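Novice: Please find one structure pasted underneath; my questions will follow.
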Amino acid sequence: MKASIYAIVTIAVSVAVPLTAEQTITGQAAFAGYTQQKPGVRRKITVADLPEPKPSESVDNGPVLVNRPKDAWPIAPAGFKVQLYAGGDAATPMQRSENKEETHRPVSGTFVMPRILRAAPNGDLFVADSQAGSILVLRGVSAAGKAVIISTYATGLDHPFGIAFYPSGAQPRWMYIGNATTVMRFAYKPGDLKATGAPQTIVPDIPGYAQLRGGGHWTRDVVFTADGKHMLVSVGSGSNVDDPDTHPNEFHRADVLEYTPEGKFVEVYASGIRNCVGEAINPTTGELWCSTNERDGLGNNLVPDYVTSVKEGGFYGWPWYYMGGHQDPRLKGTHPELKSKVITPDVLVQPHMASLEMTFYPAVKSGFPAQYNGDAFAAEHGSWNRALRGGYEVIRIPMKNGKAIGEYEDFLTGFVCADGQVWGRPVGVAAGQDGALYVSDDGSRSVWRVSYSNQ
C-alpha cells in the first residue's frame, strides 16, 4: 500500500503547474470554472468587474459526491508533495448535494465529516468531526506521511466547528469549542490526547440552526484577539437575504460577536458579514480576518465570496448591500443611509465557491519557500448556485507587509474529475509546526498533508 501511495504522489507532483506559469488574470476572464483552476494561476476580481444581477441565471448545480478514482490525487504547485495524512477510508460516499448535512454517511473509518483544523502549540493537529460530534487529535508524521497517533479527544458535542487555545503561547490552559448553539471550553494542557474532564459551557445562547439549504449556517468559529482580552465568535445568517428589520430570527446573526474569555457578551464586533465561516488573526497586523460565504440567487457571477480583514464596528453590507454600495435588488430602497458605510472586502474570490476556513502561513525554519511567509490560505468547499462548477480547491492569498494585494492564487486543485463529478471538498486549512499545510476534505473524509520538497 505504501508503494502505491508514493507512486500516486509522484504523479501528482509531476503534473503540477509552476508558480510562474501564468500572469494574473483580470476582468471577466477571472470568472472561471474548475477546468481552468490550476496551481499557480492568479486571479484578481474587482467591483468594476461585477455584472448586473441576473436572478434568471440562478441554478441548483450542487455536486453528488463520488468515491475518489484510483488515479485521482490533489494537485499542488511544482516542488510540493501531497500525501494522505489521515482518513480517506473506503466507504460509500454520501449521495448529497451542497450542505445536505442531514444525510448521514455510514459511520465507519477515521472521520464522518472532518471540518475545521487547528494546530495546538505543541504541534498536535485538532480536527472537528462536526457531524460525528467529536474532536480528534492527530499527532506525528510517519515516513509515509501518515499520522502516527489518532485519538478521539471528546465526543457528544453539537456540530463542533471552531477550535481555539487560550491563552496564547506554549502553555494554554483551555481549549474552546464553537458548537452550533454554544461555546464550550475544556481544561487543557499541551499533549492531552483525551479530555480530562467535562466541558464548561461559557456561552449558552449562540444563535443556532436555520432554514437554509441543508439546515442553515451552523459553523461557529472562535478566535481570540491578539491581546488575548476578547473572544470573537462568527455567526452566519439564518437566511439568504432576509431583512433583519422584519425577521427577528436574524438577531445577532451575520455578525462577529465579541465576548470576554469567560463568556460575557461585550458587543457586535462587526456586522453585515453573511457567513464568516473561518476566522484568523493576522500575525503581522493583529487584525481579525474572515473567510466569507456571500449570498446566492443573483446569477452565476454574483455575489463574490471574499476573504478580508475585519474592522471593529465595520459593516459589510448584508443583506441590503454587497461589495460596497451595490444594493441587493430584492431589498431595493431599504436603508439608503447605509450605502456609504459598506466596506468593500480586501480580496474578492469567485462567486459561490463557499470559502471556509482560512489560516496565515507562519515563517518557519523548514517549510514552504520564503515568499509564502505571512500569506493566507483558504479552503473553497465548492459551488452549487452556479452553472459552471467552481471552487473545490485551496487558494493562496498573497500578502505584502500584512496587507492583501487583492489577488488570489489557485494552490491545491484536482478534487473534481474531468467529467465534472466531485470526489473531494476542502474545508479546513492549518499550518503545522513541521512547515506542512494540512487540509481537511469532507468529500473523501480525509486530511491531506502538503509539504515542500523541491524534488
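The values are calculated or read from the model by the stated rules, or taken from the named source; none is laboratory data. Owing to the predicted nature of the structure, the values given are computational and were not obtained by experimental measurement. Cβ placement follows ideal geometry from the backbone for every residue including glycine, while neighbour counts extend to all protein chains displayed. Note: areas computed on protein heavy atoms with side chains; ligands, DNA, RNA excluded. Shrake-Rupley method; radii C 1.70, N 1.55, O 1.52, S 1.80 Å.
Novice: Out of everything in segment 233-253 that is touching an Asp or Glu at 6+ places or on another chain (Cβ under 6 Å) and more than 19 Å from residue 334 (Cα to Cα), what residue ends up being modelled with the lowest pLDDT?
Specialist: My answer is 238.
Novice: Could you tell me which numbered condition residue 195 fails, if it satisfies all but one of (1) surrounded by fewer than 18 Cβ atoms within 10 Å (Cβ to Cβ); (2) under 30 Å from residue 296 (Cβ atoms)?
Specialist: (2)
Novice: Consider residue 338 carefully, then state whether it is of a type in the set (A, V, I, L, M, F, W, C) and more than 23 Å from residue 44 (Cβ to Cβ).
Specialist: It is true that residue 338 is of a type in the set (A, V, I, L, M, F, W, C) and more than 23 Å from residue 44 (Cβ to Cβ).
To keep it simple, each residue is scored yes or no on (1) within 22 Å of residue 394 (Cβ to Cβ); (2) open to solvent by less than 40 Å² (accessible area, probe 1.4 Å); (3) in contact with a Ser or Thr (Cβ under 8 Å, 6 or more places away or on another chain); (4) at pLDDT 95 or above.
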| residue | (1), (2), (3), (4) |
| --- | --- |
| 105 | no, yes, yes, no |
| 111 | yes, yes, yes, yes |
| 114 | yes, yes, yes, yes |
| 137 | no, yes, yes, yes |
| 157 | no, yes, yes, yes |
| 162 | yes, yes, yes, yes |
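Novice: A follow-up question, please. Just need a number here: residues in segment 375-387 that are under 19 Å from residue 39 (Cα atoms) and either open to solvent by 10 Å² or more (accessible area, probe 1.4 Å) or hydrophobic (A, V, I, L, M, F, W, C) (or both).
Specialist: Going through segment 375-387, the residues under 19 Å from residue 39 (Cα atoms) turn out to be 375-383.
Now narrow it down to the ones that are either open to solvent by 10 Å² or more (accessible area, probe 1.4 Å) or hydrophobic (A, V, I, L, M, F, W, C) (or both): 376-379.
Residues in segment 375-387 being under 19 Å from residue 39 (Cα atoms) and either open to solvent by 10 Å² or more (accessible area, probe 1.4 Å) or hydrophobic (A, V, I, L, M, F, W, C) (or both): 4 in total.
Novice: Can you pull out the strands (runs of 3 or more DSSP E) entirely within segment 204-297 that have at least 1 residues that are among the aromatic types (Phe, Trp, Tyr) and either open to solvent by 40 Å² or more (accessible area, probe 1.4 Å) or farther than 17 Å from residue 182 by Cα (or both)?
Specialist: Working: elements: 222-224, 231-235, 255-259, 265-271, 276-281, 288-292.
The strands (runs of 3 or more DSSP E) meeting that bar are 265-271, 288-292.
Novice: Please state which of the following conditions residue 83 fails to meet, knowing it meets all the rest: (1) polar (S, T, N, Q); (2) assigned to a strand (DSSP E or B); (3) open to solvent by 20 Å² or more (accessible area, probe 1.4 Å).
Specialist: Here residue 83 meets the rest and fails (3).
Novice: Does residue 253 satisfy being among the basic types (Lys, Arg), under 21 Å from residue 201 (Cβ atoms) and under 20 Å from the mean Cα position of the chain (by Cα)?
Specialist: yes
Novice: Another one. In segment 298-324, how many are within 20 Å of residue 48 (Cα to Cα) and more than 16 Å from the chain's Cα centre (by Cα)?
Specialist: Let us first name the residues in segment 298-324 that are within 20 Å of residue 48 (Cα to Cα), namely 298-308, 316-318, 320-324.
Checking which are more than 16 Å from the chain's Cα centre (by Cα) leaves us with 298-303, 316-318, 320-324.
Of the residues in segment 298-324, 14 are within 20 Å of residue 48 (Cα to Cα) and more than 16 Å from the chain's Cα centre (by Cα).
Novice: Looking at (1) within 22 Å of the chain's Cα centre (by Cα); (2) in contact (Cβ under 8 Å) with a residue 40 or more places away in the chain; (3) open to solvent by 30 Å² or more (accessible area, probe 1.4 Å), which is the only condition residue 132 fails?
Specialist: (2)
Novice: Scanning segment 27-65 for residues that are in a helix (DSSP H, G or I) and open to solvent by 70 Å² or more (accessible area, probe 1.4 Å), which turns out farthest from residue 350 (Cα to Cα)?
Specialist: Let us first name the residues in segment 27-65 that are in a helix (DSSP H, G or I), namely 27-30, 34-36, 47-49, 55-57.
Of the ones still in play, those that are also open to solvent by 70 Å² or more (accessible area, probe 1.4 Å) are 28, 35-36, 48, 55-56.
Details: 28: 11, 35: 14, 36: 12, 48: 14, 55: 17, 56: 19 Å.
Applying the filter and picking the extreme gives 56.
Novice: Just wondering, is there one or more residues in segment 38-52 that are at pLDDT below 95 and out of contact with any Asp or Glu (no Cβ under 6 Å at 6 or more places or on another chain)?
Specialist: Looking through segment 38-52, none of the residues is at pLDDT below 95 and out of contact with any Asp or Glu (no Cβ under 6 Å at 6 or more places or on another chain).
Novice: Yes or no: residue 177 within 22 Å of residue 265 (Cα to Cα), among the hydrophobic types (A, V, I, L, M, F, W, C) and over 23 Å from the mean Cα position of the chain (by Cα)? Walk me through it before giving the result.
Specialist: Working: within 22 Å of residue 265 (Cα to Cα): yes; among the hydrophobic types (A, V, I, L, M, F, W, C): yes; over 23 Å from the mean Cα position of the chain (by Cα): no.
Here the answer is no, as residue 177 does not meet what is asked.
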